[in-house]
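S.K.: Next up is a structure, given as structure tokens.
The values are calculated or read from the model by the stated rules, or taken from the named source; none is laboratory data. Keep in mind it's a predicted model, so treat the numbers as computed, not measured. A quick note on method: Cβ atoms are made from the backbone with ideal geometry, for glycine too, and the neighbour counts reach across all protein chains shown.
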Amino acid sequence: MSEQVHPNGPGLASAPAVVITDFQPRWLWKAKSVVHVIISVLFVTLLVRAGYPGWRTAAIGALLFGNWLRNLVFKHHVIPVRAVQEPPVTCTGPSTTAWLIGLASQFVMVGLSGGLRSPFLVATIGPLSSMLVVYGWSRETKTAMRIVFVGAASLILLPTSWLGPSVPEPYFSQLAGLALFSIAFFQTAYLIAMTRALNESHSRIDRAREQMAQEALARARELEHLSAQLSHELKNPLGAIKALVQLARREACEDQSRERLEVAENEVERMNSILQEYLSFSRPLDKLRRERCSLGALADEVLGIVGAQAATAGVAIRRAGEALVEVDTRRLREALFNLVTNALDATASGGKVEVRIAQRDGEAQVEVRDSGRGMPPEVLERVGTPFFTTREQGTGLGVAMARAAFTQHGGSLEYRSEEGRGTVVVGVLPLQQKRVTLGAASVG
């Protein structure tokens, strides 16, 4: 039983000895060992005073000593706590075998002291519960369950004469109470140590999460700094190239040359658009510059910018509703622009795109509706993931940036869509300013 166990339970393989952790300090483990000795001596003393058969009493004493020695050598009192603190825990083959033998010995002691009438019957649950904590539902646990089944069946089926006489009163009650105390003591000690281990694990997880958040924030700031450098290095050369291409296009004598220069101009413009999208996406953690703003006026401004594109595509655009909010107008304008242009791209000639604004329950709601082709569930599920796009020349950053803007304002952005029935984007903004920690952490 020394090989690695299956993934259903914690792994078990040959490994170094278990280290006593802070949740099971050395003094507590020694205290358990002393209590184990005291309880074992009391068991044997009470059996002797009850006049129980000598050889049965001696055998029970030997088994109790063997279990104490097992815990002393393999530290089985410690392993269940370690399993909770640092799963998966590992045990050597001899350790696992000794544990299973210890479980079987509990049933042997019960059989030696009256079977189902034994005062030790309650003690059989202790080793099994500890093994379940350590091993999970593994091959070792299944072996332990078989031992329990065989032991229980033997206590039921074996002749009463084989199992020994009942322990007379008041010793039976004293032994049963002592057995119950021993189970309660060891299981309570396990539970206390496990609770401390779990609480500490939660604290470590919280600290790790906070550290990851701080590292993510630092990386975002680095990306912001890099984007500023990139903008400075590439914006001016792209502008110069575009101007030269436009000049060459106007002076071209041949139609073919003009067409080629027009393609070059469009590609330069596309490069500039992609650059702007990357720069906007890399600034999600900028401090918001809030001001009182009319969402209706902001939407009209965006629709005015895309009006020519909509007219060329044969798509009707309109806005309805109004709300007053405190927002960063630059950030929200970029978000609305991305949402509206995406809606236009998805809508065929003769369709329509609507921006609906409403104010209710302390929130402003902005809906961008289109009558386009809609999205299948597998695409809808990934919308907003950075760099995921269904457009040939898209970057997949527009929706991520829009969602970051709404989230940083303390709101949310959700998509609803069905194939062939268009798409509805619902953005929610609080009317009053909220404090949002790491507001752009949920981008995408």
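S.K.: Inspect all residues belonging to the range 341-353 and state whether any of them is closer than 22 Å to E291 by Cα and touching a residue at least 24 places away in the same chain (Cβ under 8 Å). So that I can check it myself, show each step before the final result.
M.R.: Restricting attention to the range 341-353, the residues satisfying the condition of being closer than 22 Å to E291 by Cα are none.
No, there is no match, as no residue in the range 341-353 is closer than 22 Å to E291 by Cα and touching a residue at least 24 places away in the same chain (Cβ under 8 Å).
S.K.: So if I check each of W99, W29, which one is in a helix (DSSP H, G or I), at pLDDT below 75 and in contact with a Lys or Arg (Cβ under 8 Å, 6 or more places away or on another chain)?
M.R.: Details: W99 fails: at pLDDT below 75.
That would be W29, the only listed residue that is in a helix (DSSP H, G or I), at pLDDT below 75 and in contact with a Lys or Arg (Cβ under 8 Å, 6 or more places away or on another chain).
S.K.: Right, another one. For the range 94-153: of the residues being touching a Gly at 6+ places or on another chain (Cβ under 8 Å) and of a type in the set (S, T, N, Q), which is nearest to V73 (Cα to Cα)?
M.R.: Per the criteria, the residue is S105.
S.K.: Continuing with the same structure: Out of curiosity, is T96 surrounded by 14 or more Cβ atoms within 10 Å (Cβ to Cβ) and among the hydroxyl-bearing types (S, T, Y)? Show your work before the answer.
M.R.: Working: surrounded by 14 or more Cβ atoms within 10 Å (Cβ to Cβ): yes; among the hydroxyl-bearing types (S, T, Y): yes.
In short, yes.
S.K.: Might you let me know whether the range 137-150 holds any residue that is at negative phi, assigned by TED's automatic domain parsing to the domain that holds Q106, among the hydrophobic types (A, V, I, L, M, F, W, C) and assigned to a loop (DSSP other than H, G, I, E, B)? Write out each step before concluding.
M.R.: So the first thing to find is which residues in the range 137-150 are at negative phi, and the list is 137-150.
With assigned by TED's automatic domain parsing to the domain that holds Q106 added as a condition, the list becomes 137-150.
Filter once more, so that each one left must be among the hydrophobic types (A, V, I, L, M, F, W, C): 137, 144-145, 147-150.
With the extra rule that they be assigned to a loop (DSSP other than H, G, I, E, B), the set shrinks to 137.
Yes, some residue in the range 137-150 is at negative phi, assigned by TED's automatic domain parsing to the domain that holds Q106, among the hydrophobic types (A, V, I, L, M, F, W, C) and assigned to a loop (DSSP other than H, G, I, E, B).
S.K.: Run down L244, L279 and say which single residue is among the hydrophobic types (A, V, I, L, M, F, W, C), in a helix (DSSP H, G or I), at pLDDT below 75 and surrounded by 12 or more Cβ atoms within 10 Å (Cβ to Cβ). Walk me through how you get there before you give the answer.
M.R.: Values: L244 fails: at pLDDT below 75.
Residue meeting the stated conditions: L279.
S.K.: If R221 satisfies every condition in (1) modelled with pLDDT under 85; (2) in the same structural domain as W99 (by TED's automatic domain parsing); (3) assigned to a helix (DSSP H, G or I); (4) surrounded by fewer than 19 Cβ atoms within 10 Å (Cβ to Cβ) but one, which is the exception?
M.R.: It is condition (2) that R221 fails.
S.K.: Something else now. Could you list, in sequence order, the residues of the range 158-187 that are among the aromatic types (F, W, Y) and under 42 Å from the mean Cα position of the chain (by Cα)? Please lay out each step first, then the result.
M.R.: At the first step, the residues of the range 158-187 found to be among the aromatic types (F, W, Y) are 162, 171-172, 181, 185-186.
If the condition is that a residue be among the aromatic types (F, W, Y) and under 42 Å from the mean Cα position of the chain (by Cα), then F181, F185, F186 are the ones that fit.
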